[in-house]
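A short write-up of the structure that comes next.
No lab work stands behind these numbers, since they all come straight from the coordinates. Here the structure is a predicted model, which is why all the values come from computation and not from measurement. Cβ: placed from backbone, ideal geometry, glycine included. Neighbour counts: every protein chain shown.
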Amino acid sequence: MSSGNIMRFVRRTCVAVVATGILLVAGACGAANASDAANAAGAASGASDAGKIEAVASINQWGSVAKDLGGDLVDVTAIMSNVNVEAHDYEPTTQDVTRFAEAQVAVVNGADYDPWASKATEGTKATVVDAAEAAGIREGDNPHVWFSAKAREATADAITKAYIAAAPSHQSEFEELNKAWKDRESALETKIRDASAKLGNLPYAATESVAKYLADDLGMKDVTPTGYAQAAANESEPTPADLKAYTGALAAGSIRLLVFNTQEADSVTGQITDAAKAANVPIVELTEQMPAQYADLTDWMDALVDQFAGAVR
């Protein structure tokens, strides 16, 4: 029987006892009634303390960070986790919108990468963490901010701050989780610095500027032909002249590494990758969304650094 039903039962019993004139027992019932009320209040308080923070992230990259920083104290839902779906064009379901409405903390990428997610947070009770905004990256800048060490750390700190605001009694635990995350990120940044000794100033080109922040952290030099790069940024078709300049640069050896976003494979990128293979230019293949085989964003970035470093001999 629930505490509420017990209380109602005791109250009814007490009324019956008073009606029969047994005042001593009635007093005992009154004491039981008060005790039950106190126990019920304590149980409600305990349930509140034990309840987890509900968090939602627009993409699985930031969802994984939110999970690492929340531990057992937070339930995190990542809306997008499919490497075959474009985040820019994603159409949220009614269930997705409901998740944002019910969340206490919402993590979006920002910089117009996931405008549907930013819109879904409007008017909700959620504390919104905008990763791009946390890193000082504005709309119109490269939106793939999870590839940036600076953005990862700034976003992690913003998430931890939101968790502490939602459950201040667990501040020390959230701070410990943040420290553990930063220890792993610090090891990753050490690996990036070590790899930059090999990759620094290496001329590379990309079929799309997805991993530009990581390439910048590695000290690499972007030599993607300007006409092609502008067309890709504007999501338009490059001209035949742009494509000829790209394949010509690969053949001439002025591009020493090609970064290929396999989520955007088409006939144009096919010509570019074919030209790279013909010229023996190594290709690093990657996706925008975090592949399922990685436990979290740090693991994925760690594997990509190895991939970049291993591609160049």
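Need one number for the stretch 53-184: average projected area of the convex hull over its C-alpha atoms, nm².
Its average projected convex-hull area is 7.5 nm².
So between residue 313 and residue 265, what do we pick up on full extension, going 0.36 nm a residue minus the alpha carbon distance?
My answer for the length gained is 14.7 nm.
When the gyration tensor of the stretch 191-311 is built from Cα positions, what are the square roots of 5 times its three eigenvalues, in whole Å, from largest to smallest? Each step should come with its number before you reach the end.
Working: eigenvalues 111, 55, 31 Å².
Ellipsoid semi-axes (Å, largest first): 24, 17, 12.
For the residues 163, 294, what sequence is obtained by ranking on other C-beta atoms within 10 Å, fewest first?
Neighbour counts put them in this order, fewest first: 294, 163.
Label residue 141 and residue 287 with points 7 Å out from Cα along Cα→Cβ: what is the distance between them in nm?
2.7
Can you classify the stretch 221-266 as rounded, prolate or oblate using the Cα gyration tensor, where a ≥ b ≥ c are the square roots of its eigenvalues, rounded means a/c under 1.5, and otherwise it's prolate if a/b beats b/c and oblate if not?
oblate
If I model the stretch 133-275 as equal point scatterers sitting on the Cα atoms and use the Debye formula, what is log10 I(q)/I(0) at q = 0.16, 0.18, 0.19 Å⁻¹?
At q = 0.16, 0.18, 0.19 Å⁻¹ the computed log10 ratios are -0.91, -1.04, -1.11.
With a Förster radius of 41 Å, plug the Cβ-Cβ distance of residue 201 and residue 161 into 1/(1 + (r/R0)^6) and report the FRET value to the nearest 0.05.
Efficiency, from the Cβ-Cβ distance: 0.65.
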